[in-house]
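Structure first, then comments.
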Amino acid sequence: TQTLKERLAELIPAEIENVKAVRKEHGAKAFGQVTVDQVYGGMRGLPALLWDGSVLDAEEGIRFRGKTIPDCQAQLPKAPGGSEPLPEALFWLLLTGEVPTPEQTQALSKEWAARAQLPEFVEEILDRCPPTLHPMTQFSMAVTALNHDSAFAKAYQQGISKKDYWGPTFEDSMDLIAKLPNIAGRIYRNVFGKGKLPAIDPSKDYSANLATLLGFGDNEAFVELLRLYVVIHSDHEGGNVSAHTGKLVGSALSDPFLAFGASLNGLAGPLHGLANQEVLIWLRKMKAQIGDDISDEKIKEYVWATLKGGQVIPGYGHAVLRKTDPRYTAQREFALKHLPDDPLFKLVGQIYKIAPDVLLEAGKAKNPWPNVDAHSGVLLTYYGLDQMNFYTVLFGVSRAFGVAAQLIWDRALGAPLERPKSYSTEAIKKIFANK
Ligand code: AMX
């Protein structure tokens, strides 16, 4: 059967022509106006980036190469006996727009297992980190250090031709994804005193290995959760902080390790990936304050108190979405199937009935509905992974899939250095002085 790299090599020439044709026909057309408010307002809604793996609709949520999360659950290959899609298959889909066969999916599991080992010095870097250093900082350091063995950096030094950039970018991306379970597992075990890291099993899929490295490999339901988790966190179009950062840094021809290390530093922010940690902290505080018998009225008061304290409700709101995040819904459905009676799950469901109304009444948030982070921690906690400052690492493992896929395409399509125009307030005043 054909490998992912072989299939990609077939698809690239046609896509280069496709892009040429689109630019020839539409290149000079305008999307619309750019307002001064967009410059001050975090570029919200500004059409500025090409991103092929996924597109986000404000009402409907994410589609990966045109497929919704339920489509992926129905159509992507699964593990024997499993019902959640395999992240291996999702990566193939993100890169090619096609659903791989079960054999092709399995071949990716094997290839990633074969590439999983870390250089010894990266293991040492992690082992020397104090357990008080945030897991995301450790994660970013280790990923950045993998640049030591980058095929792209080496090929560039040797004078590789621009048309061949995608090949070593693909190799680095495969290495990156393959090595993340060992990095994540090592951080988890070091920080939380969980003993020695077991070896990767080449006969197991990516998520099963990740679960084993974290110490939860015997729990098949947890492995299924990880499969779903990685798929839904993989990609969320190109403008979010982690995706855009990876693309931006990659555009300087920094290799995938440097580019994705930068993505992780953005994901570590509380308004982005760290929100999954913040949600759990917020829930625990709520329980500590209110006790176990939590009425709707008490939740309402707690949500109001958070807002009045000048803080955000973590896990609620979104820069693009205007409805409940389908990634939240997918996790809720998983919980209804596997842990319907879990008290923390019930609490999350209860908050879902109350927080949106409060946010609406408060009148600031454009989207009062929950996002992906409102639910993920509760599922992990249920299975015993209750160290919440580790949660964003799992988000990071997943986000590598989307960022890597676009980095490969960016190099295949010869994407140029990113360099938008900036203005000072003085310059803006001058430009519009007489308009
Ligand atoms: N709680 C309280 N206030 C909120 C809010 C929330 N959950 N969501 C938005 N707001 C506020 C904003 O802080 C802003 O206030 P300001 O005018 O005083 O600055 C106002 O409502 C308007 O913001 P917006 O246009 O609705 O949102 P945005 O596009 O600027 O920001 C986001 C989006 C996600 C940062 C914001 O909704 C937020 O802070 N949510 C909580 C953190 C969170 O869950 N982040 C995870 C997002 C998903 C992800 O990346 N993993």
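The values are calculated or read from the model by the stated rules, or taken from the named source; none is laboratory data. On a predicted model such as this, the values are computed, not experimentally measured, just so you know. Counting neighbours? That spans all protein chains shown, and the Cβs are built from the backbone with ideal geometry, glycine included. Only protein heavy atoms, including side chains, enter the accessible area calculation; ligands, DNA and RNA are left aside. Shrake-Rupley method; radii C 1.70, N 1.55, O 1.52, S 1.80 Å.
The table below lists the values:
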| item | result |
| --- | --- |
| Residue match in segment 338-345 (condition: within 10 Å of the ligand (Cβ to nearest atom) and assigned to a helix (DSSP H, G or I)) | no |
| Selection count where residues are part of a helix (DSSP H, G or I) and either away from the ligand (no atom under 12 Å from the Cβ) or surrounded by fewer than 20 Cβ atoms within 10 Å (Cβ to Cβ) (or both), scope segment 357-387 | 9 |
| Test: A405 is exposed (fewer than 15 other Cβ atoms within 10 Å of the Cβ) and away from the ligand (no atom under 16 Å from the Cβ) | no |
| Residue list for segment 378-435, restricted to those being over 25 Å from V19 (Cβ atoms), among the hydrophobic types (A, V, I, L, M, F, W, C) and touching a residue at least 12 places away in the same chain (Cβ under 8 Å) | V378, L379, L380, L385, M388, F390, V393, L394, F395, V397, I428, F432 |
| Tally of residues being open to solvent by 70 Å² or more (accessible area, probe 1.4 Å) and either within 13 Å of the ligand (Cβ to nearest atom) or in contact with a Phe, Trp or Tyr (Cβ under 6 Å, 6 or more places away or on another chain) (or both) across segment 324-337 | 0 |
| Only one of S251, S242 that is open to solvent by less than 30 Å² (accessible area, probe 1.4 Å), closer than 15 Å to F401 by Cα and among the hydroxyl-bearing types (S, T, Y) | S242 |
| Inter-residue pairs, beta-carbon under 7 Å, first open to solvent by 50 Å² or more (accessible area, probe 1.4 Å) and in segment 191-205, second among the β-branched types (V, I, T), 6+ apart | D201/T212 |
